[in-house]
Amino acid sequence: MELKNKLKELRVAHCMTQEVVADHLGVSSQTVSKWERGLLSPDISLLPQIALLFKCSIDSLFDMELVWSIEHRKEFGEKIHALHEKKDWEGVYQAWIREIELNPDHYGNYADVMLHVYRKKLYDRDRVEKMISLAEHAEKCCTDDDKRNEIYRIMLRLCSESKDQIIREKGKYYYKKLPSLRHSREVYAKFVMDGEEYRSQVLKNIIYTVDLAECSVRQLILPDMPPCEKLFYYQKAAALLETALDGKYAGFYDPPLLSDYAEIAKIYVQLGQTDRADEYINRIIATLEKHMIESEKENKSQILYSTTMRNSVPTEQICKKLLQNMISTPELENFKDKISALQNRYEEYISQTRGKTNEN
């Protein structure tokens, strides 16, 4: 990449205007504009200031690594290999630090030295603080999300090994910086949590995963699908929740399951299987019975139920609306009396609950 393009790329990546760059370097904005258009080249005396401003090496401004990086990396790799052969872990550490000082914008090197410190248990305070300073630099300057997240993943493990509470707290900071779900943050909870806090986080991970999977399966359902295909996906979506619920009270997580049941009942009516539709209507009734019996609320799903999960709309209101929609659904006309009776009892339960709350 030509210097003019490199200067513009770095300026944009650091969210700087030409005026801001000019102020830092003591030149006019017109001069910076000419640099980026290739009409003028920066004076050689300004190169160290430009590299410092953009947190990169002077060589990288000219893409000199394209000229010598292959040979350099080969030599450096051989050096690291030789140090490993001698089990000179301090030598390996110092070699990586020097490499980073030469190439501060090669953030893959940061992860390598951090992993070396973690694996070889080089946990003295000076080294750990050095790693923290590198992580802070990468957080500010690295624009590659994958490299930055890899640094966070290693650092949370490294900091969690410290006996210093301040450094351990830093590990929690890196944990929170990781994107949640899947192969990123949640699997690293064990490094920064223990006891009941860790167990609670694992349960939340399961909740998030089940909820995401159920929603994802329903998103596969298309309006023009044949009823049999829709039925397949709705039953799979419901099965995900059923497995975690185990037939117990789930509060916040009952509405999505009941919604799946209502769709399944509607499709069975379309297929002429009224008995199977009635089976799912009865499942809805049985589930809402648990809401209206206080003793049933104590029999909570150990995995999916979580008192920490709260919807902006109360669970009872969502269930009430679901019943109203079912009553107005043409396919469920034959079950209207049964659904209406449940709705009346459920609304009476909600009213009584509100009255007790107001008395308290």
The correct count of residues that are under 27 Å from the mean Cα position of the chain (by Cα) and on the phi > 0 side of the Ramachandran plot in the range 224-263 is 1
Evaluate the range 254-261: report whether one residue or more is surrounded by 13 or more Cβ atoms within 10 Å (Cβ to Cβ) and without any contact (Cβ under 8 Å) to a residue 40 or more places away in the chain. yes
Within the range 38-47, can one find any residue that is in a helix (DSSP H, G or I), over 26 Å from Ala138 (Cβ atoms) and without any contact (Cβ under 8 Å) to a residue 24 or more places away in the chain? yes
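Yes or no, residue by residue, for (1) modelled with pLDDT under 90; (2) in the same structural domain as Leu245 (by TED's automatic domain parsing); (3) surrounded by 18 or more Cβ atoms within 10 Å (Cβ to Cβ):
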site: Ile281; (1), (2), (3): no, yes, yes
site: Ser295; (1), (2), (3): yes, yes, no
site: Val313; (1), (2), (3): yes, yes, no
site: Leu322; (1), (2), (3): no, yes, yes
site: Pro330; (1), (2), (3): no, yes, no
site: Phe335; (1), (2), (3): no, yes, yes
Name the single residue that is nearest to Leu61 (Cα to Cα) among those in the range 1-30 being polar (S, T, N, Q) and surrounded by fewer than 18 Cβ atoms within 10 Å (Cβ to Cβ). Asn5
Leu240 fails exactly one of the following numbered conditions: (1) over 23 Å from Asn205 (Cβ atoms); (2) part of a helix (DSSP H, G or I). What is the number of that condition? (1)
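The values are calculated or read from the model by the stated rules, or taken from the named source; none is laboratory data. Source: prediction; values computed, not measured. Positions of Cβ are generated from backbone atoms using ideal geometry, with glycine treated the same way; all protein chains shown enter the neighbour counts.
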